[in-house]
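The next block holds one structure in the form of structure tokens; read it before the comments.
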Amino acid sequence: MQDALTSALSHWPQNGVPKNPENWLFQVAKRKAIDRLRRVATQHAKAPDVTYQLQMQEAMKDDIDIRENQSVPDERLSLIFTCCHPALPAPAHTALTLKTVCGLSTAQIASAFLISETAMAQRIVRAKNKIKKAGIPFTLPDPSLWPERWKSVLAVVYLIFNEGYSALHSKNKDVDLCEEAIRLGRILARLLPKEPEATGLLALMLLSHARRPARQAESDIFIALKEQDRTLWDKNKIKEGQALLIKALTQGKPGPYQIQAAICAVHCQAENFEKTDWSEITALYERLYAYEPSPVVLLNASVALSYFQSPKAGLASLSLIAQNTSMQSYQPYHAARADMLLRNGQIKLAKQAYRKALTLTVDEAGRNFLKVMLKNISE
Amino acid sequence: MKYILLIYQAEDAGPTPGSPEFGPFMEGYFGLNQELTNDGAMIAGEGLQDGETATTVTVRNGKTTTVDGPFAETKEMLGGFYFIDCDNLDQAIAYAAKIPSAQFGSIEIRPIMDYGQ
């Protein structure tokens with residue numbers, strides 16, 4: 001796995017010119033296939049390895065059969081592009097996609113985003129009005145608009161996933177946004193075979209989601225990567241994610257989703273935290289920073305560096321974004337800084353940083369984690 | 001569907017007449033005019049005189065007030081427009097992106113109210 005990654009990375013073009021997406025308008029499928037995938041997705045968490053493989057194959061085969069036997073063009077892709085049209089406000093993208101493509105009810109979407117059903121209903125009505133009045137088409141975008149559009153569609157799906165990921169500790173068991181996002185990711189990865197970023201996104205979501213069972217113990221406390229029981233990681237999802245990532249990387253059109261998936265894959269590859277290949281992860285974050293020079297990416301790169309080199313090196317890297325106002329109110333910044341300070345023996349400063357992180361944490365499991373950290377330092 | 005494409009730009013932005021960039025800039029407009037005409041999408045398109053030539057009129061309680069200047073004093077001013085007829089918003093966006101002023105100003109796309117509905 002890792003060899004494949006390294007070799008794919010070294011062969012990536014510095015500035016790969018995207019090839020023509022000449023073949024994206026061809027798929028055919030039916031609701032039935034989504035429903036099959038939906039069933040498989042909910043079952044596979046419990047299913048043993050072989051069953052999982054068989055179910056996935058069967059679901060794919062079903063979809064292929066439909067595609068080959070009918071001449072009806074696939075309308076799901078047009079639908080997703082309409083829901084994620086840049087002329088609509090960003091909050092409407094996720095709401096419309098979940099409603100029309102995933103078939104969730106307004107009440108379900110409202111509860112997943114922690115807003116009232118009335119407010120969500122208004123948001124959806126306003127968006128539908130704009131689609132009608134402004135003439136937003138129900139078609140795939142023109143090739144001239146394509147590069148802007150497919151990226152925003154992937155961003156919407158990843159946003160839905162992250163919403164589900166961060167809401168992990170909330171008590172909402174009704175809708176699993178992570179599962180919905182993965183379902184959308186499967187559709188996009190299949191319908192956009194010429195855009196490896198779509199496959200990369202699916203791999204990224206699967207590899208992140210695979211670790212979910214280990215992120216939270218029964219006692220409602222967040223468990224950091226370092227402390228996770230890796231036997232709880234979902235090996236089926238990891239295998240599938242890795243295979244998808246390799247498939248994406250071999251297309252030679254790298255991008256931020258593939259790189260983030262590669263980072264997850266390296267984590268999933270390590271038997272335990274100590275065996276993590278931090279040099280690879282640090283290199284991947286550097287690569288990611290070239291695409292997305294954001295403080296959040298630099299924060300993650302600093303964490304990787306703190307394990308690859310030393311907590312001191314990580315702290316030095318963090319100081320580059322210390323003045324950034326958005327970082328000052330960003331919980332992960334303070335939590336990461338606290339961890340590095342602690343490992344660097346700066347106990348007093350570490351306590352301060354943990355306290356700051358605690359004031360910025362809203363979810364119960366995250367708060368419990370930080371309280372335990374603070375208690376441990378004091379003892 | 002009918003759309004108006006409102007061209008907003010700062011008045012000191014863009015190439016000035018006589019500069020080497022001005023020729024290609026205007027040719028961009030001529031090319032777009034031709035394309036809109038060929039596509040059967042063109043209803044009208046005009047450039048406007050400077051903002052300082054603007055006059056704003058209001059009528060309150062039957063009393064007409066006329067003042068010098070545009071309605072809104074902003075850095076970006078309405079500098080011209082296209083009135084087009086095309087299939088959908090994506091087509092309108094594609095035309096708007098071809099307006100040379102989009103490269104330093106911005107184009108607001110507004111669908112025309114259809115009173116028949």
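The values are calculated or read from the model by the stated rules, or taken from the named source; none is laboratory data. Here the structure is a predicted model, which means the values were calculated and not measured. All Cβ positions, even for glycine, are placed from backbone atoms using ideal geometry, and neighbour counts span all protein chains on display. Calculation scope for accessible area: heavy atoms of the full protein, side chains included, ligands and nucleic acids excluded. Shrake-Rupley method; radii C 1.70, N 1.55, O 1.52, S 1.80 Å.
Structure notes:
- Near residue B:33: Cβ cut-off under 15 Å, other residues only, Lys/Arg at +1 and Asp/Glu at -1. The net charge is -4.
- In order along region A:282-290, the Karplus-derived 3J(HN,Hα) couplings, from 6.51 cos²θ - 1.76 cosθ + 1.60 at θ = phi - 60°, round to 4, 4, 5, 5, 4, 4, 5, 4, 5 Hz, and Gly and Pro are given as x.
- Across peptide B:103-114, the mean count of Cβ atoms from other chains lying within 10 Å of each residue's own Cβ comes to 1.
- Beta bridges per DSSP, both residues in region B:13-111: antiparallel share near 100 percent.
- Theoretical FRET efficiency, 1/(1+(r/R0)^6), r = Cβ-Cβ of residue B:83 and residue B:104, R0 25 Å, to 0.05: 0.65
- Long-range HN-HN contacts of residue B:80 with modeled amide H, under 5 Å: B:7, B:48
- Percent RCO, i.e. relative contact order, over region A:293-379, from Cα pairs under 8 Å lying at least 6 residues apart: 21
- Long-range HN-HN contacts of residue B:54 with modeled amide H, under 5 Å: B:69
- Sequence-ordered 3J(HN,Hα) estimates for region B:33-40 from the Karplus curve with 6.51, -1.76 and 1.60 and θ = phi - 60° stand at 4, 5, 4, 4, 5, 4, 6, x Hz, glycine and proline given as x.
- In terms of Cα atoms, the Rg and Dmax of chain B work out to 16.2, 52 Å.
- For region A:163-286, the relative contact order works out to 25 percent when only alpha carbon pairs closer than 8 Å and six or more residues apart are counted.
- For region A:195-276, the Rg and Dmax computed from alpha carbons only, in angstrom: 13.2, 44
- By average C-beta atoms within 10 angstrom, highest first, the peptides A:176-188, A:305-317: A:176-188, A:305-317
- A:360, A:191, reordered so the largest accessible area comes first (probe 1.4 Å): A:360, A:191
- For region A:216-317, the square roots of the Cα gyration tensor eigenvalues, ordered a ≥ b ≥ c, give a/c of at least 1.5 with a/b no greater than b/c, which places it in the oblate category.
- In order along region A:307-317, the Karplus-derived 3J(HN,Hα) couplings, from 6.51 cos²θ - 1.76 cosθ + 1.60 at θ = phi - 60°, round to 8, 6, 9, 6, x, 5, 5, x, 5, 4, 5 Hz, and Gly and Pro are given as x.
- P(r) of region A:293-379 over all Cα-Cα pairs, binned every 5 Å from zero, in whole percent: 3, 16, 26, 24, 20, 9, 1, 0
- With all protein chains modelled, accessible area of residue A:267 [1.4 Å, Å²]: 20
- Sum of side-chain charges, residue A:121 neighbourhood, beta-carbon under 11 Å (Lys, Arg +1; Asp, Glu -1): +3
- With DNA, RNA and ligands ignored, accessible area of residue B:42 (1.4 Å probe; Å², nearest 10): 60
- Among the listed pairs B:75/B:98; A:226/A:253; A:130/A:194; A:237/A:356, a Cα-Cα separation exceeding 25 Å is found for A:226/A:253; A:130/A:194; A:237/A:356.
- For region A:88-167, a Kirkwood hydrodynamic radius built from all Cα pairs, placed in the Stokes-Einstein relation at 37 °C and 0.692 mPa s, yields a translational diffusion coefficient of 244 µm²/s.
- Mean separation of Cα contacts under 8 Å (6+ apart) over length of region B:2-111, as relative contact order %: 50
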